[in-house]
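Heads up: the structure comes next, in structure tokens.
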Amino acid sequence: MSAPAFLPFTRPHIDEATIAEVGRVLASGWITSGPKVQAFEAALSALFGGRPVRSFANGTATMEVALRLAGIGPGDEVITTPITWVATANVIVAVGATPVLVDVDPRTRNLDLDAVEAAITPRTRALMPVYLSGLPVDMDRLYAIAARHGLRVIEDAAQAIDSRWQGRRIGAFGDLVSFSFQANKNITCAEGGCLVMNTPEEAVRAERLRLQGVVRRGDDGMDVESPGGKFNLTDIHAAIGLGQLPQLEAVTRRRSALAQAYFEAADRHGLAELGIELPLPSNTSGALTNWHLYQVVLPAERLAGGRAAVMQRLREAGIGSGVHYPALHLFSYYRGLGWREGMLPQAERIGRAILTLPLFPQMDDADPERVCRHLADACRSLLR
């Protein structure tokens, strides 16, 4: 009997109709930003309750533009989390502001809102929560803190499309909300992102900032009132997004079913008894996740070889896994800004031990059982 095919931690799926549509765009002669981008933005605006939406080349540009829309720059502080893709902090540095990193809640793995309140200073201008694996923070409390201190909120919702808070879709309310459509996201453009804004005026400014700050007047008039970047999405990528967007509901439903299968398999194989911390179930205290990732936290300090040894055992069993994310304040650049080990203990513990397990809609129903069985076997053999 042949071994099962290798199971990656994620795999994008582009259907044949979308592939054909990309071909038509390539043949049309209009392959940069054009009618497909406009159609994609209109569809996204409808998804988010009619709010203004602009698309971007990636979900990093969206956050940088959001910071610039909020007027954040040198001398300002932005509070965010160390358990995120480093882009979250890098864009704060890129606009000349200072990222203030606070510890995370050990259960949600998101920002500890008590720590957020304690970190606010007269220089704080914005809060930048990250919804790890698609799980929102307590949005009511987050926005109450922001209102109390007169702060903008820039939501790094890169992983959270179709997640909900108290039944409301993330992006359909709030301040500035950034999404990513990178290849491993629940819906993808291959690369891309979008920013949801509050007013048409913000949307006009965002358009200028994504294309060098250029303002066009008439047939031949051009001006630049402030510098921008080169962040526009192409029609090729927008065509992929337009093919993906109608599948969003089914994708979320399938991911939820696979996550439930993981919980059941984890119970059968005694993962909790081995000291493996499971994610919170969906709809915990009003937060409904889209199950972008299914992540566990290993008892890494008790495993011979730590997390790397577990990942190797899984790979030998034909199972891929990932690390999302190391605690970014321990990267060399951020150590150079004064961060040291021991300053954010929960983030450091989670960053050393978090493990992303396979989760994508095309998985077989039996795959969560297979993954949990091999994970349990690996941890039992490595425990010391």
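A short reminder: the numbers here are calculations on the coordinates, not readings from a lab. Computed from a prediction, not measured in an experiment: that's the story for all the values here. Cβ: placed from backbone, ideal geometry, glycine included. Neighbour counts: every protein chain shown.
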Exercise for review: Quote the relative contact order of region 124-248 in percent (integer), defining contacts as alpha-carbon pairs under 8 Å separated by 6+ residues.
Suggested key: 18
Practice item. Report, for the chain, the % of DSSP beta bridges that are antiparallel, rounded to 5. Key: 60
Check your understanding: FRET efficiency for Val214 and Tyr333, Cβ-Cβ distance as r, R0 = 41 Å, nearest 0.05?
Key -> 0.80
**Study point:** Of Leu209, Tyr334, Leu248, farthest towards positive along the dipole that unit charges on Lys, Arg, Asp, Glu beta carbons give the chain
**Key:** Tyr334
Point to revise | Fewest-first ranking of Asp377, Asp175, using other Cβ atoms within 10 Å as the exposure measure | key: Asp377, Asp175
Study note, to complete from the structure: Exposure proxy check on Tyr333, Tyr143, Tyr131: fewest-to-most Cβ neighbours within 10 Å is Tyr333, Tyr143, Tyr131
Study note, to complete from the structure: If every Lys and Arg gets +1 and every Asp and Glu gets -1 at its Cβ, then about the Cα centre the chain yields a dipole, in debye to the nearest 20, of 420
Point to revise | Cβ charges +1 (Lys, Arg) and -1 (Asp, Glu), total dipole of region 225-302, debye | key: 160
Review point. For region 327-384 and region 71-102, what is the separation of their Cα centres, given in Å?
Key: 23
Exercise for review: Quote the relative contact order of region 16-246 in percent (integer), defining contacts as alpha-carbon pairs under 8 Å separated by 6+ residues.
Suggested key: 28
Revision key, fill the gap. Projected onto their principal axes, the Cα atoms of the chain stretch, largest extent first, over whole-Å spans of 71, 53, 37
Revision key, fill the gap. Taking 177-189, 276-288 and ranking on average Cβ neighbours within 10 Å, highest first, one gets 177-189, 276-288
Exercise for review: Mind checking the full-extension length gain between Ala118 and Met343? Use 0.36 nm per residue of separation minus the Cα-Cα distance, one decimal, nm.
Suggested key: 79.6 nm
Point to revise | Label-point separation in nm, Val224 to Trp30, each point 7 Å along Cα→Cβ | key: 2.7
Practice item. Measure off 7 Å from each Cα along the Cα-to-Cβ vector at Ser256 and Ala304, then give the distance between these two points in nanometres to one decimal. Key: 4.3
Practice item. Give the Rg/Rh ratio for region 248-382, taking Rg as the radius of gyration of the Cα atoms and Rh as the Kirkwood radius, to two decimals. Key: 1.00
Revision key, fill the gap. Helix-only [θ] at 222 nm, the chain, -39500 (n - 2.57) per DSSP H run of 4+, per residue, nearest 500, equals -11500 deg cm²/dmol
Practice item. Based on alpha-carbon positions alone, could you give the equivalent ellipsoid semi-axes of region 82-166 from the gyration tensor, as √(5λ), descending, whole Å? Key: 19, 16, 12
Check your understanding: So, counting K/R as plus one and D/E as minus one, what does the shell of residues with Cβ under 10 Å around Ala300 add up to?
Key -> +3
Check your understanding: All other residues with a Cβ under 15 Å from the Cβ of Cys372 taken together, and with Lys, Arg as +1 and Asp, Glu as -1, what is their net charge?
Key -> -4
Check your understanding: What net charge do the residues around Gly228 carry, taking every other residue with its C-beta under 12 Å from that of Gly228, with Lys and Arg at +1 and Asp and Glu at -1?
Key -> +2
